[in-house]
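Reviewing the structure listed below.
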Amino acid sequence: MMCDECGRHETKILSMERNIFKKNSDLAEQNRLWFKAHGIRTINMMSSPGSGKTTLLEKTTRAIQPFGKMSILVGDVQTEIDADRLRNAGAKAQQINTWNGCHLDAAMIARQLGNFVTGEEDLLMIENVGNLVCPAAFDLGEQYKVALLSITEGEDKPLKYPALFHQVDLILITKIDLEPFLSWNREKALESLRRINHKAHVIMLSALSGMGMEAWVDWLKEK
Amino acid sequence: MHEFSLAVSVVEEAADILKKMGGKKVLALTLDIGILSGVSPEALQFCFPEVILGTCLERCRLHINQIPLLVYCPQCQREEQVEGPFPLCPRCQEVKIEVRKGKEFNITNMEIE
Ligand SMILES: Nc1nc2c(ncn2[C@@H]2O[C@H](COP(=O)(O)OP(=O)(O)OP(=O)(O)O)[C@@H](O)[C@H]2O)c(=O)[nH]1
Ligand SMILES: [Mg+2]
Ligand SMILES: [Zn+2]
């Protein structure tokens, strides 16, 4: 074909189907193999900012101690605050700062394997950056994806972020201790979750009061 | 921003293909973006001109095909196109469906010289 602009030199049209996420998914697949070879269960936790990921992991650290060895990778745009909180709670935790990025990707996880993540763990928890858009698109090599939805966020959040809620294996409805103080409608929330993802298991819990924590720990042990 | 880093990945992939084909410049690029891919076409279109500055895609035209959801409903035993991003059968409202299209994020066409 002739060039539109100068009408002189040749241009070429190429047809293809090249997935932009492929580089990340290939790397995620390598991570997945590494986890499998070392017998580690890896869980990617995603939610809006402030839904209670770090608080839940603080509580999980204590609850899971008798059952196995856990490490935590925690992603944030900046600061070590969350990793410090987790270490204060007795966890083995490592911060990953993403700076310009608003999500973790498979390469950031790969760099931790054989280093901070030694391979002796039974469980690796990954707290993704608080964000419901970007983490949905980036496979980290985890076996399970978990979404947190706090009841202060409203019942229709899943409908606004279908890409994320559609693909998770477990949905944790958090801060359930606040239910008496809010006009939150449990049925409506469950209905919007079911519309987006009928396969996911749903657990309602409060990291503060401890309600539902047993079901969560049981789910972790099962996995 | 999310789409900024995705635009960078698009440029890297395109540059990679260009190099393999022995071309010098990418003049036009077409992307398929599924409605359930988590990628916003508007935001991507918005940051694209900035991302391509100083690359072999400089002044490249970007076309985006938005791919609607296509689901297979085992109840109705047929494929149905869905309006919007909600994965359920538009005929019978069944939620136990299979998503067959709508998650793409692909380069489908490139014009190079
Ligand atoms: N009432 C109540 N508050 C909670 C609960 N869990 C967390 N919070 C509060 O919610 C706020 C945010 O909790 P975090 O655990 O920091 O949330 P996060 O998801 O880690 O936040 P980012 O890392 O910034 O995305 C804190 O003030 C917590 O004390 C809960 O079960 N009940
Ligand atoms: Mg946190
Ligand atoms: Zn149907």
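Every number in this text was worked out from the coordinates using simple rules, so none of it is lab data. Since this is a predicted model, take the numbers as computed values, not measurements. Every residue, glycine among them, receives a Cβ derived from its backbone with ideal geometry; neighbour counts consider all protein chains shown.
Tell me, yes or no, whether the stretch B:2-17 has at least one residue that is over 25 Å from A:Ala163 (Cα atoms) and facing another protein chain (nearest Cβ under 8 Å). Yes: the stretch B:2-17 contains one or more residues that are over 25 Å from A:Ala163 (Cα atoms) and facing another protein chain (nearest Cβ under 8 Å).
Can you tell me which residue among B:Glu94, B:Glu111, B:Glu50 is closer than 16 Å to B:Leu29 by Cα and outside any strand (DSSP E or B)? Unique residue meeting the criteria: B:Glu50. Taking the criterion of being farther than 15 Å from A:Asn44 by Cβ and within 14 Å of chain B (Cβ to nearest Cβ), the residues of the stretch A:158-183 that qualify are A:Pro158, A:Leu159, A:Lys160, A:Tyr161, A:Pro162.
Inspect all residues belonging to the stretch A:127-142 and state whether any of them is more than 14 Å from chain B (Cβ to nearest Cβ) and within 16 Å of ligand 2 (Cβ to nearest atom).
Of the residues in the stretch A:127-142, the ones more than 14 Å from chain B (Cβ to nearest Cβ) are A:127, A:140-142.
With within 16 Å of ligand 2 (Cβ to nearest atom) added as a condition, the list becomes A:127.
The answer is yes; a qualifying residue exists.
Restricting the stretch B:69-108 to residues that are more than 14 Å from ligand 3 (Cβ to nearest atom) and surrounded by fewer than 16 Cβ atoms within 10 Å (Cβ to Cβ), the residue that is farthest from the chain's Cα centre (by Cα) is B:Glu83. Note on the stretch A:78-126: among residues that are touching a strand residue (DSSP E or B) at 6+ places or on another chain (Cβ under 7 Å) and within 14 Å of another protein chain (Cβ to nearest Cβ), the one that is nearest to ligand 3 (Cβ to nearest atom) is A:Leu104. When residues in the stretch A:146-163 are screened for being over 15 Å from the mean Cα position of the chain (by Cα), buried (at least 21 other Cβ atoms within 10 Å of the Cβ) and among the aliphatic types (A, V, I, L, M), 1 of them pass.
To keep it simple, each residue is scored yes or no on (1) part of a loop (DSSP other than H, G, I, E, B); (2) within 16 Å of ligand 1 (Cβ to nearest atom); (3) surrounded by 20 or more Cβ atoms within 10 Å (Cβ to Cβ); (4) in contact (Cβ under 8 Å) with a residue 24 or more places away in the chain.
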| position | (1), (2), (3), (4) |
| --- | --- |
| A:Glu29 | no, no, no, yes |
| A:Gly39 | yes, no, no, yes |
| A:Leu57 | no, yes, yes, yes |
| A:Thr60 | no, yes, yes, yes |
| A:Phe67 | yes, no, no, yes |
| A:Ser71 | no, no, yes, yes |
| A:Arg87 | no, yes, no, no |
